[in-house]
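Student: Pasting a structure here, questions to come.
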Amino acid sequence: MKQIILLLTIATLAFAYTEPFDPNDYRHREVGAVRISEPLRIDGRLDESLYSGVSYSDFIQYEPYNGAKASQKTDMWIGYDDEAIYVGARMWDEQPDSIVGRIGRRDAFLNADIFEVIIDSYHDKRTGFSFQINPAGSMRDEVYFNDTWTDDSWDGIWEGKTTVDDKGWTAEMRIPLSQLRFSEKESYTWGFLPTRYIQRLGEWDYYVYFPLNESGTMSRAAELTNISNIDPPKRREFLPYITSGTSRLPTLKDNALIEGRDSNFGIGADLKFGIGANVTVDATLNPDFGQVEADPSSINLSDNETYYSEKRPFFLEGRSIFNFGNGGPTNNISVNYSEPRFFYSRRIGRAPQGEAASAAWDSLDHPSSTRILGAAKISGKLGDDWSIGGLTALTNREYAQYYQDGQIVDEQVEPYTSYNLIRTLKELDDGRYGIGLMGTYTHRYMNGIDLIGDLDEQHSSADILSDRGLGIGIDGWAFLGENKDWAIGGWGGFSSVSGSKDRMISLQQGSRHYYQRPDADHVSLDSTLTSMNGHAGRLKLNKENGRVTLNAALGWISPGFESNDLGLTFRTDVINSHISGGYRWLERGTYIRSASASVLYANNHDFEGVRTADVIFSMANIRFVNFWSLNMNGGYSFENLNNTALRGGPRILESPGVFFGVGLNTDYRKDISFFGSLDYGSEADGGNELGLSLNMNMKLGDRLNISVGPSIYWNTDMTQYVKAIDDPAHTEMYGKRYVFSQLDQTITSADIRIDFPVTPKFSVEGYFQPFVAVGDYSGFKEYKRPESDEFLVYGEEGSTITSDYVIDPTGGDDSDAFTLSNPDFNSKALVGTLVLRWEFSPGSTMFLVWTHNGSDYEQSGVFDFQEDFDRLLKAEADDVFALKLSYWFGQ
């Protein structure tokens, strides 16, 4: 009897035994595609024979329990034919009534369950095409580059349908081969990464195990195999469109040329076609971007231009190929350093740079933008590891019109301009190494050369714009260690611009260069120059894996570097370096899911070796198990010599200061979620700033989404630049008086967004921003001497200042007296865009757009929210109504 019991016990234990679960067994996985004889009907029902075959399952959690089995099962099937890849998936769910599906426009970020597949058809382990769908059928797509970075500007033409039942939900996709890029082979192996997101749990499940302490996405993808006997398809797309608009312009009702109204009609087209298997050409003729959201309002009292992000579809789509200098290291930190760019697409079609100086405002018709006559770009791969890209654009010659002596005068304010860019990148050893080249060339026809060949007289554009601008850069990276634990990357480049002597003087004296600084021995103003050259670059090191983090960089921008014809350079004469170290806590605790902290030190020097910035900075982030998160930062900036505060004058001593910030995110899964932040800074000279912001996101039902983000900012700046006054007798400051003041500034605004998708293909969305900025100047003063923070306060030490800003800095006779205009301001704006979008056929859309632009300006310098807001609502505002209709032809 005992023997029988013993045998039964052994047998029970043997049958009950299972292999212990180890997520590392799921690091390298394979999915086999099945060739199908007939195209699938994409309806989300999974009732074809493909789905009776073997499925792929066993997803692994990335979050919230990294490395654990997925809480809900997912089954997946992959099929293909000569035209497309087919993906079907069953997302099992024990609580089907808790599945979250939200209707949203194409590419919207929706707080819903998701099924996604990412296909690396190049199999370069650095790029991929992502296709996402949620239970309501809303679709999103994006591309991956540099292994982990994403760009959602790409819009593929593909199909997707879903169903929800008592077992969970299903998804079915048809991805045409024309939307992928691959070279012709007998058989194919592609990178493949399916993921699933369960909204109520905040759970991301991947088909491959991704440890939290390791970086990389496409380099860790599974492999999609068993695909053979397919050919890269020909890619031809044609998208003609028509546009029409009418404008009500009450702010210009007294303008004799405009009389408060305007209208327009236009036609154009976008073209796309393939060259070989992997290269695509995109072209646009007479493009219209009337559906693009308005730029936000801002007040800029600095000597730097305002940066605006790109929103125009032609320049957004496929832009990752033009990413330069950022390959390799996945963490790119910059402190007190604005890295220059060779390519800033907002240069193309920007507002004309010239002015009709002699025109009266009430008879001036000045174009607000430069029309793009045509543009084309090329992108793709040659072979397995050469990426190429190119862009060319031609913008129109623009005129301002005005009345003079009873006649209408046309004056050129922007010449014909040709913008050109090339990019190539060679990747080696599955992306472990890379080296690339970028070149840009801008050519302006300063003589007013007509496209037919006629010549006009020289225009004033030659004094404010360069004839030619050239930029050349080399970039690259290398991953070190068997597991790519370290990455080094960098770039170096050269620029050259040419133009008239007046243009070169203007460029040297401009805010990016300040060659006229009297105490700088390494630069000097040269009035004979007709060209200017410079160089720039940056080297970076990053620890990619592990709990300990390390990042370091060394960058430089020489005084003569100038990329602003087609790129963006904020400041030159900078040598910047930093080093950062930190630690990541990745084990889930009772209250904290993960946390990280780091400390960074950075400094700047000019090319003479003078230290111009010195800061120590710390950051920390905590993610809680309830899906709230907290981020904090703080630091101390040391006393240093500022070589730009006087805007071309000598260096002055800048006061030290402390700063800190804190931000709190609530649970983003909820229908109502918040993000709030507080930022504070204080300087030793008495200056301080405080900023408060709150963003509330409300999901009302399964369609309506409203986001409201009010903010307010208070700033007391004890050293606000006002003006430089020539005074040859004031030799201690090199013949000038640099006037500064205290500025008490209040800025308040709110970003309001409304999204109402009736269906995934028919939506209404709006963006509105009320904005009020008030500045009160007081305590006018001037610097006494270079490399100091001592001031002569007007009204003291024998100097005088009157209520109407007449200033005598020495008293006695008024030979050195001067007058300032009242610099106080109260600027208000209300901008907004409302867009109705209907995708009536794949790739074909209709846009109906209303754009509103209201403003009010006065010089009170007093902030009164109610009065300011009332004035803004009552102020005259311009309204533009536009219609755009496009139809897609393609294969």
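The values are calculated or read from the model by the stated rules, or taken from the named source; none is laboratory data. The structure displayed is predicted, hence computed values, not measured ones. Neighbour counts run over all protein chains shown; Cβ positions are idealised from the backbone, glycine included. To get the accessible areas, we keep the full protein, side chains included, count just its heavy atoms, and leave off ligands, DNA and RNA. Shrake-Rupley method; radii C 1.70, N 1.55, O 1.52, S 1.80 Å.
Student: Tally Lys and Arg at +1 and Asp and Glu at -1 over the other residues with C-beta under 13 Å from the C-beta of Thr280: what net charge comes out? Please list the in-between numbers first.
Tutor: On the way: positive: Arg181, Lys234, Arg235, Arg236, Lys272, Lys377, Lys381; negative: Glu237, Asp270, Asp282, Glu317.
So the environment of Thr280 carries a net charge of +3.
Student: Moving to a separate point now. Multiply the residue separation of Lys253 and Asp405 by 0.36 nm, subtract the distance between their alpha-carbon atoms, and state the gained length in nm to one decimal. Spell out each step's value before the answer.
Tutor: Details: separation 152, 0.36 × 152 = 54.72 nm, distance 2.10 nm.
Answer, rounded to one decimal: 52.6 nm.
Student: Which chymotrypsin sites (Phe, Trp or Tyr not before Pro) in segment 86-195 pass both tests, a DSSP loop state and at most 15 other beta-carbon atoms within 10 Å? Could you put the intermediate results ahead of the total?
Tutor: Details: sites: Tyr86, Trp92, Phe109, Phe115, Tyr122, Phe129, Phe131, Tyr144, Phe145, Trp149, Trp154, Trp158, Trp169, Phe182, Tyr188, Trp190, Phe192; in loops: Phe109, Tyr122, Trp154, Trp158, Phe182.
Those satisfying the criteria are Phe109.
Student: Where a ≥ b ≥ c are the square roots of the eigenvalues of the C-alpha gyration tensor, would you call segment 809-891 rounded, which needs a/c under 1.5, or, failing that, prolate if a/b is larger than b/c, or oblate? Before the final figure, lay out each step's value.
Tutor: Values: a/c = 5.78, a/b = 2.77, b/c = 2.09.
Here segment 809-891 falls in the prolate category.
Student: Give a residue-ordered list of calculated ³J(HN,Hα) values for segment 470-484 (Karplus: 6.51 cos²θ - 1.76 cosθ + 1.60, θ = phi - 60°; whole Hz; x for Gly, Pro).
Tutor: Taking θ as phi minus 60°, the curve returns 10, x, 9, x, 10, 9, x, 7, 8, 9, 10, x, 4, 9, 6 Hz for segment 470-484.
Student: Which value at 222 nm does the chain reach when only helices count, each DSSP H run of 4 or more adding -39,500 (n - 2.57), with the total divided by all residues and rounded to the nearest 500 deg cm²/dmol? Please report the intermediate quantities before stating the final value.
Tutor: Numbers: 5 runs with 42 residues, N = 891.
The per-residue figure over the chain is -1500 deg cm²/dmol.
Student: With the cut-off at 23 Å, report for segment 166-253 the share of all Cα pairs above it, as a whole percent.
Tutor: Working: 2188 of 3828 pairs.
I get 57 percent for the Cα pairs in segment 166-253 exceeding 23 Å.
Student: Still on this structure: Angle between the Cα long axis of helix 2-16 and the longest principal axis of the chain, 0 to 90 degrees, nearest 10?
Tutor: Approximately 40 degrees, to the nearest 10.
Student: Give the Rg/Rh ratio for the chain, taking Rg as the radius of gyration of the Cα atoms and Rh as the Kirkwood radius, to two decimals. Please report the intermediate quantities before stating the final value.
Tutor: On the way: Rg = 30.6 Å, Rh = 30.9 Å.
Expressed as Rg/Rh, it is 0.99.
Student: May I ask you to give the percent of accessible area on the chain that is carbon plus sulfur, with a probe radius of 1.4 Å? Don't jump to the answer; show the numbers that get you there.
Tutor: Numbers: 21770 of 39920 Å².
Ligands and nucleic acids excluded, carbon and sulfur reach 55 percent.
Student: Residues of segment 93-126 with the amide nitrogen closer than 19 Å to a label point 7 Å from the Cα of Phe675, along Cα-to-Cβ, please.
Tutor: Counting backbone N atoms under 19 Å from the label point, the list is 107-112.
Student: Leaving out ligands and nucleic acids, note down the accessible area per residue over segment 128-202 with a 1.4 angstrom probe, in whole Å². Before the final figure, lay out each step's value.
Tutor: Working: 2200 Å² over 75 residues.
Ligands and nucleic acids excluded, the figure is 29 Å² per residue.
Student: Multiplying the sequence separation of Ser309 and Asp231 by 0.36 nm and subtracting their Cα-Cα distance, what value in nm do you get?
Tutor: 24.2 nm
Student: Oh, and also: Measure nothing but the geometry: give the 0 to 90° angle between the long axis through the Cα atoms of 865-874 and the longest principal axis through the Cα atoms of the chain, rounded to 10°.
Tutor: Taking Cα atoms only, the helix is inclined about 90 degrees.
Student: Computed FRET efficiency, Cβ-Cβ of Ser368 and Ser511, R0 25 Å: what is it to the nearest 0.05? It would help to have the intermediate numbers written out before the result.
Tutor: Numbers: r = 23 Å, r/R0 = 0.93.
That pair, Ser368 with Ser511, gives E of 0.60.
Student: Within the P(r) computed for segment 516-634, what percentage of the Cα pairs occupies the region above 26 Å? Before the final figure, lay out each step's value.
Tutor: Values: 3054 of 7021 pairs.
Value for segment 516-634 (Cα pairs over 26 Å): 43 percent.
Student: Just the Cα atoms of segment 494-533, one point each, no solvent: what log10 I(q)/I(0) does Debye give at q = 0.17, 0.24, 0.28 Å⁻¹?
Tutor: Debye curve over Cα of segment 494-533, log10 I(q)/I(0) at q = 0.17, 0.24, 0.28 Å⁻¹: -0.40, -0.77, -0.99.
Student: Where does segment 46-93 land on the Kirkwood hydrodynamic radius, alpha-carbon pairs, in angstrom?
Tutor: 12.2 Å
Student: Another question about this same structure. Run the numbers for Glu83 and Tyr805: contour at 0.36 nm per residue of separation, minus the present Cα-Cα distance, in nm. Numbers along the way, then the final one.
Tutor: Numbers: separation 722, 0.36 × 722 = 259.92 nm, distance 7.54 nm.
So the chain would gain 252.4 nm between Glu83 and Tyr805.
Student: Also: Just grab the label-to-label distance for Arg350 and Phe265, each label 7 Å out from Cα along the Cβ direction, in nm (one decimal).
Tutor: With each label placed 7 Å out from Cα toward Cβ, I get 3.4 nm.
Student: Starting from the amide H of Asp789, placed 1.01 Å from N in the peptide plane, find each other amide H under 5 Å away whose residue is 5 or more places distant or on another chain.
Tutor: It is Leu653, by chain and number.
Student: When the label point is put 7 Å from the Cα of Glu587 along its Cα-to-beta-carbon vector, which residues of segment 189-226 have a backbone N closer than 18 Å?
Tutor: Under 18 Å, as judged by backbone N against the label point of Glu587, lie 211-214 of segment 189-226.
Student: Let me know the volume per residue of the alpha-carbon convex hull for segment 654-734, in Å³. Before the final figure, lay out each step's value.
Tutor: Values: hull volume 10.3 nm³, N = 81.
Hull volume normalised by residue count: 128 Å³.
Student: Test of the criteria: in segment 87-176, which GluC sites (Glu not before Pro) are in a DSSP loop and have at most 15 other Cβ atoms within 10 angstrom of their Cβ?
Tutor: Loop-located and lightly packed - Glu94.
Student: Further question on the same structure: Only residues of segment 581-617 count here: report those whose backbone N is under 15 Å from the spot 7 Å along Cα→Cβ of Glu787, or say none.
Tutor: Inside the label zone: 606, 608-612.
Student: For Asp864 and Tyr887, what is the calculated FRET efficiency with R₀ set at 60 Å and r taken between the beta-carbons, to the nearest 0.05?
Tutor: Working: r = 51 Å, r/R0 = 0.86.
For R0 = 60 Å, the calculated efficiency reads 0.70.
Student: Given the pairs Lys125/Lys761; Lys125/Lys426; Lys484/Lys540, which are separated by over 22 angstrom at their Cα positions?
Tutor: Working: Lys125/Lys761 33 Å; Lys125/Lys426 14 Å; Lys484/Lys540 15 Å.
Where the Cα-Cα span goes over 22 Å, the pairs concerned are Lys125/Lys761.
Student: Using mean Cβ contacts within 10 Å as the protection proxy, how do 427-434, 99-106 order, highest first? Walk me through the numbers before you get to the answer.
Tutor: Details: 427-434: 17.0, 99-106: 21.8.
Averaged packing, sorted descending, gives the order 99-106, 427-434.
Student: Can you tell me which of 498-511, 251-264 comes out highest on packing, and rank the rest after it, using the mean Cβ neighbours within 10 Å?
Tutor: On the way: 498-511: 18.1, 251-264: 14.3.
Averaged packing, sorted descending, gives the order 498-511, 251-264.
Student: Sorting check: for 702-715, 20-33, which peptide has the highest mean count of neighbouring beta carbons within 10 Å, and how do the rest follow?
Tutor: Highest-to-lowest ranking by the protection proxy: 702-715, 20-33.
Student: Rolling a 1.4 Å sphere over the protein heavy atoms, what is the accessible area per residue of segment 658-735, to the nearest Å²? It would help to have the intermediate numbers written out before the result.
Tutor: Details: 4060 Å² over 78 residues.
That works out to 52 Å² per residue.
Student: How long are the three semi-axes of the equivalent ellipsoid for segment 732-891, computed from the Cα gyration tensor as the root of 5 times each eigenvalue, in whole Å, largest first? Let's see the in-between values first.
Tutor: Values: eigenvalues 558, 66, 35 Å².
They are 53, 18, 13 Å, listed largest first.
Student: Here's another thing I want to ask about it. Hey, what did segment 712-871 get for relative contact order, percent, Cα under 8 Å, at least 6 apart? It would help to have the intermediate numbers written out before the result.
Tutor: Details: 348 pairs, mean separation 30.6, N = 160.
With pairs under 8 Å counted, the relative contact order is 19 percent.
Student: Work through the residues other than Gln199 whose Cβ is under 15 Å from its Cβ and net out their charges, Lys, Arg +1 and Asp, Glu -1. Intermediate results must be reported in sequence, preceding the final value.
Tutor: Numbers: positive: Arg102, Arg140, Arg196, Arg200, Arg669, Lys670, Lys699; negative: Glu63, Asp93, Glu94, Asp97, Asp113, Glu116, Glu203, Asp205, Asp667, Asp671, Asp702.
Overall, the nearby charge balance is -4.
Student: Between Ile488 and Phe660, with labels modelled 7 Å along Cα→Cβ, what's the label distance in nm to one decimal, could you check?
Tutor: Result for the modelled spin labels: 3.8 nm.
Student: Simple spin-label model, 7 Å along Cα-to-Cβ: Ala729 to His28 in nm?
Tutor: Label at Ala729, label at His28, 8.4 nm between them.
Student: For segment 84-183, what's the radius of gyration and Dmax over Cα atoms, in angstrom?
Tutor: Looking at segment 84-183, its Cα Rg and Dmax stand at 14.0, 45 Å.
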